[in-house]
1. So what is the relative contact order for the chain, in percent, with contacts set as C-alpha pairs under 8 Å and at least six apart?
2. Go through 166-177, 127-138 and give me the packing order, highest mean Cβ count within 10 Å leading.
3. Nearest 5 is fine: what % of DSSP beta bridges in the chain come out antiparallel, could you say?
4. Specify which residue in the list 72, 190, 60 is farthest towards the positive end of the charge dipole of the chain, using unit charges on the beta carbon of Lys, Arg (+1) and Asp, Glu (-1), about the Cα centre.
5. Using bins 10 angstrom wide from zero, how does P(r) for the chain break down, in % of all Cα pairs?
6. List nothing, just return the count: lysine pairs in the chain, 8 or more apart or interchain, with Cα separation under 24 Å.
7. Highest mean first, how do 152-159, 8-15 rank when packing is the count of other Cβ atoms within 10 Å averaged over residues?
8. How large is log10 of I(q)/I(0) for segment 124-224 at q = 0.17, 0.18, 0.23 Å⁻¹ when the intensity is taken from the Debye formula with one equal scatterer per alpha-carbon?
Amino acid sequence: YGESGGQIGDRGALELLKGSAEVVTVTWADALLVHHVKITAGACRVGEPVKAAVDVAHRLKVARSHTATHLLHWALRRVVGPEAVQAGSLVEAERLRFDFSALGGLQEEQQLQVERLVNERVRLSDPVQTQVMKLAEARQRGAVALFGEKYGQEVRVVSIGDYSQELCGGTHLLHTGFVGTFKIVSEGSVAAGTRRIEAMVGEAAFLRQQQESQWLRQAAAHLSRPPH
């Protein structure tokens, strides 16, 4: 997978005839998929056949973040309203950044509600499906498209359950249950009328929750008071 649409590229390995190489990322140069590699042994020569392998664990961590990004978009539209339109995103391994249009910041209760909605869909393990169709058909079905993004006559639609449909070319999970845990870590303004949410998913979110619990216990101990 080449870096595009806010999602980082794949990692992996190349097995050479006389050596090996690590693929640190993959990007696009027009229609050409470019592998950025670090030779770890031997040498690589032009024209030699290689055996390529994707880092499956890394791809799964990124897919967690991308499916969680779609869930976050859906939850924001439920809580804030249809005006919460995506204005940009960054999808990394088990962490994400999501920019959206909004007149004001999210209240604490709204953040908690968004977090609850996402984790509720995670626990229900809703199926995630992809389908390639004509752009006109996707729009007729109500699939969400990014403002300013250029689309061809055929598009890929990612559907989650019966409540989320977005035009997207990224990697995703088979069902929402693989997200594991979703946690918002910050929310703030990045420009007039644009807000940004940063969140963690999977193991990273679990470790963050553990860390915050530890901070709370330490603070309680210093104050000689129970955590609540």
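1. Reported as a whole number, the value is 18 percent.
2. For the peptides 166-177, 127-138, the packing ranking is 166-177, 127-138.
3. The answer is about 95 percent antiparallel.
4. About the Cα centre, the residue reaching furthest to the positive side is 60.
5. Per 10 Å bin, starting at 0, the Cα pair percentages come out as 7, 27, 31, 20, 10, 4, 0.
6. So the count works out to 7.
7. 8-15, 152-159
8. Rounded to two decimals, the profile gives -0.96, -1.02, -1.17.
Any read-out appearing in this document is the output of simple, stated calculations on the displayed coordinates, not a laboratory observation. These numbers come from a predicted model, not from an experiment. Cβ sites come from the backbone with ideal geometry, for glycine too, and all protein chains shown count toward neighbours.
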